[in-house]
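Following: one structure in structure tokens, then a few remarks.
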């Protein structure tokens with residue numbers, strides 16, 4: 001008999017005792033390779049780019065296999081009891097808080113440089129010689145797309161609670177479509193920008209803040225895409241969808257961060273406003 005079935009039959013507590021897994025240590029080594037190779041690539045060391053790609057592949061593979069095991073535990077083995085779901089929710093909430101702190105540090109750098117501009121950059125913000133992007137062009141369109149995607153993912157959440165599978169699928173499709181459009185437009189905006197990350201402190205904080213957010217959009221899109229595949233495979237129910245709720249919470253966090261970015265990095269920095 002399967003060890004998990006034996007454990008469930010005789011288990012007298014609502015917690016999940018995780019089986020030994022190779023994925024935590026595999027992810028650690030993959031992160032080590034990714035970090036070292038990124039430093040090599042940024043310093044122009046030979047084959048740094050190849051090792052960077054290897055690190056991305058290793059980390060993506062380890063995370064995908066780890067996620068597969070979690071899905072099996074929660075969907076097929078029934079290991080995610082109400083107590084376990086509560087613990088997962090608390091853990092993901094703490095993860096969101098850590099992400100808030102990461103963006104807080106980026107905004108701190110931005111306001112430190114913009115509120116009292118140094119004489120080295122002309123004593124003005126944005127610095128002399130920097131032609132900022134029009135906040136009412138692509139940034140405004142991206143704001144509409146991202147907020148709309150947040151509305152559609154909320155619509156999908158309410159639909160799944162009510163057991164409306166058709167509306168749930170429609171909400172996820174529109175969310176993924178708008179998220180993909182956002183990323184594509186952000187990449188186009190970068191290609192058309194008249195400055196780079198090396199152009200004064202403005203270029204640094206602009207690409208650091210919007211780039212970090214763009215990375216979170218890509219991760220959130222993958223997160224929602226995985227949940228969409230699970231919905232198509234009937235992995236979630238009207239009451240058992242903690243992974244879906246985590247994806248939605250993450251996406252709303254991405255929405256809120258973008259509002260702050262649009263208000264301060266784009267609108268506030270526009271000299272003609």
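Classification of segment 69-148 by its C-alpha gyration tensor yields a prolate form. The axis ratio a/c (a ≥ b ≥ c) is 1.5 or more, and a/b outweighs b/c. So if R0 is 22 Å, what FRET efficiency would residue 136 and residue 181 give, r being the distance between their Cβ atoms, rounded to the nearest 0.05? Calculated value: 0.80.
GNM, the chain, Cα, under 10 Å: largest mean-square fluctuation among 119, 217, 70? Of 119, 217, 70, the Gaussian network model singles out 119 as fluctuating most.
In the set (1) 49, 41, 37; (2) 68, 40, 32; (3) 73, 47, 29, the label that goes with Cα extents along the principal axes in Å computed for this structure is (3). Cut-off 10 angstrom, C-alpha nodes, Gaussian network model of the chain. Which of 234, 157, 216 fluctuates the most? Residue with maximal mean-square fluctuation among 234, 157, 216: 234. In this simple spin-label approximation, residue 264 and residue 154 carry label points 7 Å from Cα along the Cα→Cβ vector, and these lie 2.3 nm apart.
Annotation for residue 86 and residue 238: the two label points, set 7 Å from Cα along the Cα-Cβ direction, are 2.4 nm apart. Specify whether the C-alpha gyration tensor of segment 1-136 places it in the rounded, prolate or oblate class, a ≥ b ≥ c being the square roots of the eigenvalues: rounded for a/c under 1.5, otherwise prolate if a/b is larger than b/c and oblate if not. Verdict is oblate for segment 1-136.
Per DSSP helix of 4 or more residues, -39500 (n - 2.57); summed, then divided by the residues of the chain. What does that give at 222 nm, rounded to the nearest 500? After summing the helix terms and dividing by the residues of the chain, the value is -24500 deg cm²/dmol. Between helix 165-192 and the chain there is an angle of about 30 degrees, using the helix long axis and the longest principal axis of the Cα atoms.
Helix 48-71 axis versus longest C-alpha principal axis of the chain: approximately 40°, rounded to the nearest ten. Highest GNM mean-square fluctuation among 73, 120, 245, for the chain modelled with Cα contacts below 10 Å: 120. By its C-alpha gyration tensor, with a ≥ b ≥ c as the square roots of the eigenvalues, how is segment 165-213 shaped: rounded for a/c under 1.5, else prolate for a/b larger than b/c, else oblate? Cα axes put segment 165-213 in the prolate bin. Can you give the angle from 0 to 90° between the axis of helix 82-114 and the longest principal axis of the chain, with both taken from C-alpha atoms, to the nearest 10? That helix lies at roughly 10 degrees to the long axis.
Read-outs throughout are calculated quantities, based only on the coordinates presented, and are distinct from any laboratory measurement. Since this is a predicted model, take the numbers as computed values, not measurements. Because the Cβ atoms are built from the backbone with ideal geometry, glycine has one as well, and the counts that use them run over all protein chains shown.
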